[in-house]
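**Q** I have a structure here, written as structure tokens, and I will follow up with some questions on it.
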Amino acid sequence: MNKKLITTTLSTLAIAVGGITAAQASDWPERPLTMVIGFNPGGSTDIQGRVLANVMEDYLGQPVNVVNQPGAGSAVAFTRLANNTDEGYTFLFGGTTALTFTPIISDVDYEIDDFEYLAALAVGQNAIVTSAEQPFETFDDIIEYGRDNPMTYAQQTALDQAIIENVAEEEGLDLSIVPTGGGGGMAPLVLGKEVDFAYSGGTHAQYTPSGEMVVAAFLSAERSPFYPDVPTLMELGYDYSIEDYRTIIVPEGIPDEAREALISAAEYASESERFRETTEDNTFFPVVFIGQDEMEDSVRRIRAATEEVMGD
């Protein structure tokens, strides 16, 4: 993979405002639902998803049970979802890089057209983090230290690993990769100084206010509004970024009434104080509501841009 921008800049984001009520026009759902999260408990996706499940329960009038299916940066969860046949009663809440990047470099048993992308509810805040007790703080500090010392990096996805491995090759670093099942697995490794630095999809928000963890750089195309002084990798001269959205995803071809109910529940959640408080105040993700048409276009646009870069 050459040194190029992996994804394009963020789309224009808008919260759709409408007359949302908890009353449903159809009888769907008639039984409990399952929300699949492709990472271990304790990470940002899990924290957001559990609150989202509670809010959706209130709207839909049925329990929404959360099931964690970690593995391969959520590729395991997507594989199981692609083979699911319960017509919308099982859906995934998570990021989109397992669709826009992972199938390009890995042999997975699903493809982008196996799913429908019903609604995005938050913009990803992907970061490079380290412990406040390490002898480095900024990304430039990490690179300088790594030129003289072997380093370890905790990854969560194939995409963040590919980016960091390319940076390490450019800078001549001796870097070892430590796989994790998500933010819940990454955090103790960083805080215990068992790795030098790591990828965080948002778990850092639990540890930066206390000063235990430091954000060295962001992998987003633009700076985080919650860490305005922290640069992006692009600003530091590494032309890599990750465009990602926390999205409700279902197998392709679910019934219309299931699709409509889930989208309405997602829109309701985007305006819920509980979901906003958890997502913005606790995990530092901007809340949005991006509907199905725009998300279908966005996922395919990002995938095409990534394939072009990988083809170079």
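The values are calculated or read from the model by the stated rules, or taken from the named source; none is laboratory data. Fair warning: this is a prediction, and the values are worked out from it, not measured in the lab. Glycine gets a Cβ as well: all are built from the backbone with ideal geometry, and neighbour counts include every protein chain shown. Ligands, DNA and RNA are excluded from the accessible area calculation, which covers all protein heavy atoms including side chains. Shrake-Rupley method; radii C 1.70, N 1.55, O 1.52, S 1.80 Å.
**Q** Tell me which label goes with the value of Kirkwood radius over Cα pairs in Å computed from the coordinates here: [x] 20.1; [y] 21.2; [z] 19.6.
**A** [z]
**Q** Turning to a different aspect of this structure: Suppose every Lys and Arg Cβ carries +1 and every Asp and Glu Cβ carries -1, with no other charges. What dipole size does the chain come out with about its Cα centre, to the nearest 20 debye?
**A** Once rounded to the nearest 20, the dipole reads 460 debye.
**Q** How much FRET efficiency would the formula 1/(1 + (r/R0)^6) give for E212 and A82, where r is the Cβ-Cβ distance and R0 is 51 Å, rounded to 0.05?
**A** After rounding, the FRET efficiency stands at 0.85.
**Q** Still on this structure, please answer the following. Quick one: among T85, T157, T138, which has the greatest mean-square fluctuation in a GNM of the chain with alpha-carbon springs under 10 angstrom?
**A** Comparing T85, T157, T138 in the GNM, the peak value goes to T85.
**Q** Compute the length gained on full extension between E235 and T34: take 0.36 nm times their separation in residues and subtract their Cα-Cα distance, giving the result in nm to one decimal.
**A** 68.3 nm
**Q** Can you tell me the relative contact order of the chain? Whole percent, Cα pairs under 8 Å, sequence separation 6 or more.
**A** Value for the chain: 31 percent.
**Q** For n ≥ 4 DSSP H runs only, could you compute -39500 (n - 2.57) per run for the chain, divide by its residues and tell me the 222 nm figure to the nearest 500?
**A** Dividing the helical sum by the residues of the chain leaves -10000 deg cm²/dmol.
**Q** Something else now. Determine ³J(HN,Hα), in whole Hz, for all residues of region 63-77 in sequence, where each value follows from phi through the Karplus function 6.51 cos²θ - 1.76 cosθ + 1.60 and θ = phi - 60°; x replaces Gly and Pro.
**A** x, 10, 8, 9, 10, 8, 10, x, x, 6, x, 6, 5, 4, 5
**Q** May I ask you to list the residues of region 77-100 whose amide nitrogen lies under 15 Å from a point 7 Å from Cα along the Cα→beta-carbon direction of E307?
**A** Of the residues in region 77-100, 99-100 have backbone N under 15 Å from the label point off E307.
**Q** Taking amide hydrogens as modeled 1.01 Å from N in the peptide plane, which residues meet the under 5 Å criterion relative to E116, leaving out close sequence neighbours?
**A** V250, E252
**Q** Per-residue HN-Hα couplings for region 196-211, Karplus 6.51 cos²θ - 1.76 cosθ + 1.60 at θ = phi - 60°, whole Hz, x for Gly and Pro?
**A** Rounded to whole hertz, the list is 7, 8, 7, 8, 10, x, x, 4, 4, 4, 7, 10, 6, x, 7, x.
**Q** Hey, what do the phi angles of region 180-190 turn into as Karplus ³J(HN,Hα) couplings, whole Hz, using 6.51/-1.76/1.60 and θ = phi - 60°, x for Gly and Pro?
**A** 9, x, x, x, x, x, 5, 4, x, 5, 5
**Q** Take D58 and E257, extend 7 Å from each Cα along the Cα→Cβ direction, and tell me the distance between the two endpoints in nm.
**A** The answer from the label model is 2.6 nm.
**Q** Taking only C-alpha pairs under 8 Å that are 6+ residues apart, what is the relative contact order of region 127-218 in percent?
**A** RCO, region 127-218: 48 percent.
**Q** If you take the square roots of the eigenvalues of the alpha-carbon gyration tensor of region 219-289 and sort them as a ≥ b ≥ c, do you get rounded (a/c under 1.5), prolate (a/b over b/c) or oblate?
**A** Because a/c hits 1.5 or more and a/b fails to exceed b/c, region 219-289 counts as oblate.
**Q** OK, next. Using protein chains only and a probe of 1.4 angstrom, how many square angstrom of M213 are accessible, to the nearest 10?
**A** 10 Å²
**Q** What residues qualify as long-range amide H neighbours of I242, i.e. H under 5 Å apart, gap of 5 or more or another chain, H built at 1.01 Å from N?
**A** Close amide H contacts, sequence-distant or interchain: S220, A221.
**Q** Based solely on C-alpha atoms, express the radius of gyration and the Dmax of region 127-218 in angstrom.
**A** In Å, with Rg to one decimal and Dmax whole: 11.7, 33.
**Q** Residues of region 189-209 with the amide nitrogen closer than 16 Å to a label point 7 Å from the Cα of Y145, along Cα-to-Cβ, please.
**A** 189-200
**Q** I would also like to ask the following. Report the extension gain between L191 and D297 in nm, rounded to one decimal, defined as 0.36 nm multiplied by the number of residues separating them, less their alpha carbon distance.
**A** Stretched fully, the L191-D297 segment lengthens by 34.3 nm.
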